[in-house]
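Chemist: One structure, pasted below without further comment.
Readers should treat all values here as calculations from the given coordinates under stated rules, not as data from a laboratory. Here the structure is a predicted model, which means the values were calculated and not measured. Cβ atoms come from the backbone with ideal geometry, glycine included; neighbour counts cover every protein chain shown.
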Amino acid sequence: MKLFYCILIVSLLSACTTMKKEPVEEFIVDLKSPNYQMGEIETQLKSLMGFGSFKKNTVKVLYFPSEDAVCLQYRLDMMTYHQFWHRDGRELFIEALAKYNEDYTARNLNRNAGRKGRKAYGTTEGYLIWQQFKFAVQAKGKMKMELGYTFSDKLPYFYLYQMEAEYIDKEVRAHNRTSSRIPFLFTRAQAAEVAALFDQNAIDSFILQNRESNSPALNTDPNVDYY
């Protein structure tokens, strides 16, 4: 009888544990999905070839409603990147910027913090699609993004580090790709513009305005007509 009760208790505990587990929806984005351009922002990027210093780069900000994803689209060294943020990641960016502004105001930024400073405000997972030109291999994969701060030419910057994504083609091994690690430097004003576009209330308002004006979504695939 005792054995029966032990088995029953173990079964009930296992059932409770199983019930608590909820499937985590994978964050992926289809570049062919309808999307809207929300605006443009500026950041500082450095050529991956290692030449020169960080220079201003214009980045398009797109919203993909089907995946609830915001995309930072930019071009660097002849490569086009689509860096996708899910809602939790966007919220982390906003929170991280608030912490950075507090540290900036309180003069708590450490010039010698190095790697520790560059990931001081957290890490999130994103999704990356990158391609050299239209008919080249379109690589895609998950990647981590770190948020923190750094100094460049003695000036402080809010820091976003796009880590590598790995693309594995199950049919053609020659198509396998690993993306480069890319650092982004933002002034506080530049980062504030990103945060404003990441704000969920702003996104909801933007979508509502487009629905009311019947603005068509941008079609990223010329072979598909969206309606």
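Chemist: Length gain on complete extension for the stretch R115 to E26, per 0.36 nm per residue less the alpha carbon to alpha carbon distance?
Modeler: 29.2 nm
Chemist: Within a Cβ distance under 13 Å of Q73, other residues only, what is the Lys/Arg minus Asp/Glu net charge?
Modeler: +1
Chemist: Where does the charge balance sit around N57 when Lys and Arg score +1, Asp and Glu -1, over other residues with C-beta under 14 Å from its C-beta?
Modeler: So the surrounding residues net to +1.
Chemist: Given H placed on each backbone N at 1.01 Å, which residues far from M38 in sequence or on other chains put an amide H within less than 5 Å of it?
Modeler: V61, L62, Y63
Chemist: Once the other residues with Cβ under 11 Å from the Cβ of K119 are scored (Lys, Arg +1; Asp, Glu -1), what is the net sum?
Modeler: Summing Lys/Arg as +1 and Asp/Glu as -1 gives +3.
Chemist: Could I have the simple spin-label model distance between S66 and E95, label points 7 Å from Cα toward Cβ, reported in nm to one decimal?
Modeler: According to this spin-label approximation, the distance is 3.0 nm.
Chemist: Quick one: if you stick a label point 7 Å off each Cα along the C-beta vector at V137 and D153, how many nm between them?
Modeler: Simple spin-label model gives 3.7 nm for this pair.
Chemist: Length gain on complete extension for the stretch T80 to E171, per 0.36 nm per residue less the alpha carbon to alpha carbon distance?
Modeler: Computed gain between T80 and E171 is 30.4 nm.
Chemist: So, one more: For region 91-210, evaluate the Debye formula with one uniform point scatterer on each Cα (no solvent term) and list log10 I(q)/I(0) at q = 0.18, 0.20, 0.21 Å⁻¹, rounded to two decimals.
Modeler: Relative scattering, expressed as log10 I(q)/I(0), comes to -0.97, -1.07, -1.11.
Chemist: Follow-up. Could you list, in their original order, any pairs among K60/K116; K32/K116; K56/K144 whose Cα atoms are separated by more than 27 Å?
Modeler: K60/K116; K32/K116
Chemist: Also, I was wondering about something else. Label-point separation (nm) for N57 and R107, each offset 7 Å from Cα along Cα-to-Cβ?
Modeler: Roughly 3.4 nm, to one decimal.
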